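The values are calculated or read from the model by the stated rules, or taken from the named source; none is laboratory data. What you see is a predicted model, and the numbers here were worked out from it, not measured in a lab. Methodologically, a virtual Cβ is constructed for each residue, glycine included, from the backbone with ideal geometry; neighbour enumeration extends over all protein chains shown. Just the protein is used for accessible areas: all its heavy atoms, side chains included, with ligands, DNA and RNA removed. Shrake-Rupley method; radii C 1.70, N 1.55, O 1.52, S 1.80 Å.
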Amino acid sequence: MNMVADRDPQGRTSRAAYAVETMPALRQRMSVAMAIFVFFMGVGTIFEVKNYPERASFSILLYGVEALAAALGIVAGWLPRVREHPKRIAAVTAIVILACINVYHGYVHAEAERLAIVLGCVLNLVSVLLPWGWVAQTVVATGGLASFAVAAPHLVAHEGVAYAALVLAASGTQSICAAFFLDRYRSEAFHRTAMQTKEAAISSALAHVGETLSKHLGEPDILDRVNHLAVDVIRCDFSSVFLFDDKRGVYWLASNVGSSPEVLAELSQLEFPANSLPILRALRPGALIAIDDTNDDSMVPPELSRRLEVASELVAPVARGDRIIGALVIGYRERRGPFSDREQRLTRGIAHTTAITVENGRLIADLQSANRFKSEFVATMSHELRTPLNVIMGYAEMLADGIFHPTEPEWTGTIGRIQEHAVELLELVNATLDMGRLESGRETVEIGNVDLDRLLADLGRELKPLAQPPVTLTFANDVGGGPIRTDRVKLKTILKNLVGNALKFTTAGSVHVAVAAAPDPNGEDELAVFSVCDTGIGIAPEHVSMIFDMFRQVDSSSTRRFSGVGLGLHIARRLVDLLGGTIAVESTPGEGSTFTVAVPLERATAPVDETQMARAAR
Ligand code: ADP
């Protein structure tokens, strides 16, 4: 695992990029400098021939050599292969010209000071004109000084040759400083521009990704789009999105683009438990893992990488806040070596966008399913409300039509049935209100002292009418001792729902409600374990996991034998959660079911809380 060096958008290092960038400028300016030389040499030759005809042949020769060197410098700037070394061409040409100037001035016994000034001017001219940095300038200045030393014995000096040499050294140093600062300024400007270009390219690529994904939000192939975009903008070989399955604790391949069909077939079969590979254990929100060469990396076994045809890869977590919900993996099948800054930034950015996309997708799916549930709920509720209402209206009409006389036993029976269905209606409305409170989060836990014997007795009294012979309803309290501390209303609602169901789905045999103390397997404390055991129709194993969901019933057809809206167990589970307990069921179809509720058992010292009792009675 590596973090990579800063590179330019094309993948070159920034120094190399600058050198390549300055090469054409260097060649171009070298031509300008040489042209200036050739011009001055022409002017100098005319001046010499006119004023000093006696030494014309020698001066023409030297000016000719200088002009030739300059012209060759220009030509070399265009020759294949040679043109790749513009600094060397420029330096050699400049040294030849400086040497010629020195030789000529030595030959004519010129003034040392004047020569030093001429040389200084030439050095400063090249340092300003050529973008070649202080090293090349130092080489040329040293060459100029050396050839000045060779010419020095033949020069005439008013102030002494040493003085002239000092002037020349000062000009040379000045030219080196100028070359250094100009080069630094140019390179900074280059990097600034390169950086701005890179930032703009990354931002526009990420904007393109965001825009495309937001256009297709909620579509089933959205993750394929993520991968296509990643391959397009990063220009990598493949891209995969793995999602994390919370329940099973495994990463699975949700989508891949770019891998071979064989790899894809293998990947779709694989599941990666969260702690199975070092790379998965190292995944942290915001952190990016770069594997530059899968052959020598300990994060993923090299054998697995070979099978999956991965030579190098970048792994970015797809996270919502602090929670990792998946991973984006981009990479190359053959390219090994460090990843550029651009590749890393884009991968990170696309992973962020993927997180938003996945979450929005989930949200949309949740909303759609909530909407579906709502429609089903309205349909079920209408049906459930209509059934008892129809019965009530039918019986009420019979009474209104005077079919039965108040003295007849049928009159009392009819009134009883009206009452029975009115109670059923009331329970339905109450369950819906309970749900509303739970959904809005308004339900609060009110802990008080609860006498279990009294609670079971109340339940027995209220539910006994539902236990139609030959079904028996029995209760047993094995907790013993005084009251316990819990929320009486919630506990009673939970048990009432469970016992109500047990009686509803049991046509023969018994319903037994028991409570006993048991040690908490996950801690030091005790639990109060309530069990509601019936000998009813039972529940098939494939239905057990869904009966606690809202509006879920084993038989939800319109022709079902048993009434109900599918809210009782959902409400019970939500209330058990509020009490910090657990609910479970064991069942065998045709033999019966046992629902078990375990809540923390805290024994109370004070007497039973009367306000809770009053609330519960309501
Ligand atoms: P309902 O209003 O339908 O009773 P619940 O949420 O209370 O809704 O129960 C959901 C479903 O679970 C029921 O419709 C039934 O299919 C199944 N169920 C619950 N309790 C029992 C039980 N004791 N025996 C058999 N099936 C049960």
Per the filter on segment 282-309, residues assigned to a helix (DSSP H, G or I) and either at pLDDT 90 or above or among the hydrophobic types (A, V, I, L, M, F, W, C) (or both) are Ala282, Thr294, Asn295, Pro302, Glu303, Leu304, Ser305, Arg306, Arg307
From the list His109, His105, which one is part of a loop (DSSP other than H, G, I, E, B), within 18 Å of Ser147 (Cβ to Cβ) and touching a residue at least 24 places away in the same chain (Cβ under 8 Å)?
His109
In this structure, is Ala290 crowded, with 18+ Cβ neighbours inside 10 Å and more than 18 Å from Phe339 (Cβ to Cβ)?
no
Could you list, in sequence order, all residues of segment 576-601 that are touching a strand residue (DSSP E or B) at 6+ places or on another chain (Cβ under 7 Å), among the small types (Gly, Ala, Ser) and open to solvent by 30 Å² or more (accessible area, probe 1.4 Å)?
Gly580, Ala584, Ser587
One residue from Ile484, Ile494 being away from the ligand (no atom under 16 Å from the Cβ), in contact (Cβ under 8 Å) with a residue 24 or more places away in the chain and within 20 Å of Ala572 (Cβ to Cβ)
Ile484
The lone condition Ala422 fails out of (1) at pLDDT below 85; (2) out of contact with any Ser or Thr (no Cβ under 7 Å at 6 or more places or on another chain) is (1)
Within segment 228-251, the residues that are surrounded by fewer than 19 Cβ atoms within 10 Å (Cβ to Cβ) and over 16 Å from the mean Cα position of the chain (by Cα) are His228, Val231, Asp232, Arg235, Asp246, Lys247, Arg248, Gly249, Val250
Considering only segment 214-227, how many residues are farther than 21 Å from Gly331 by Cα and either assigned to a helix (DSSP H, G or I) or among the β-branched types (Val, Ile, Thr) (or both)?
2
Kindly evaluate Ser127 against the criterion of being over 22 Å from Cys177 (Cβ atoms), without any contact (Cβ under 8 Å) to a residue 60 or more places away in the chain and assigned to a helix (DSSP H, G or I).
no
Residue within segment 476-485 that is open to solvent by 30 Å² or more (accessible area, probe 1.4 Å), among the basic types (Lys, Arg) and part of a strand (DSSP E or B) present
yes
Looking at Arg348, Arg386, which is the one that is within 15 Å of the chain's Cα centre (by Cα) and open to solvent by 70 Å² or more (accessible area, probe 1.4 Å)?
Arg348
All-but-one check, Leu466 against (1) surrounded by fewer than 18 Cβ atoms within 10 Å (Cβ to Cβ); (2) away from the ligand (no atom under 16 Å from the Cβ), failing number (2)
Given the structure, is Ala149 closer than 26 Å to Leu72 by Cβ and either free of Cβ contacts under 8 Å to residues at least 24 places away in the same chain or surrounded by fewer than 16 Cβ atoms within 10 Å (Cβ to Cβ) (or both)?
yes
Scanning segment 572-592 for residues that are aliphatic (A, V, I, L, M) and in a strand (DSSP E or B), which turns out nearest to the ligand (Cβ to nearest atom)?
Val585
Right, Asp549: at pLDDT below 90, surrounded by fewer than 21 Cβ atoms within 10 Å (Cβ to Cβ) and either among the β-branched types (Val, Ile, Thr) or within 10 Å of the ligand (Cβ to nearest atom) (or both) or not?
yes
Just a yes or no: is a residue in segment 595-612 among the aliphatic types (A, V, I, L, M), near the ligand (Cβ under 9 Å from one of its atoms), closer than 24 Å to Thr432 by Cα and at pLDDT 90 or above?
no
Per the filter on segment 500-532, residues touching a strand residue (DSSP E or B) at 6+ places or on another chain (Cβ under 6 Å) and within 9 Å of the ligand (Cβ to nearest atom) are Ala502, Leu503, Thr506, Val511, Val532
State which residue pairs qualify: first residue assigned to a loop (DSSP other than H, G, I, E, B) and inside segment 260-280, second residue exposed (fewer than 14 other Cβ atoms within 10 Å of the Cβ) in any location, beta carbons under 7 Å apart, and separation of 6 or more residues or different chains.
Ala274/Gly249; Asn275/Arg281
Within segment 385-425, count every residue that is in contact with a helix residue (DSSP H, G or I) (Cβ under 6 Å, 6 or more places away or on another chain) and in contact (Cβ under 8 Å) with a residue 60 or more places away in the chain.
1
What do you reckon, is Val565 closer than 25 Å to His383 by Cα, within 7 Å of the ligand (Cβ to nearest atom) and in contact with an Asp or Glu (Cβ under 8 Å, 6 or more places away or on another chain)?
yes
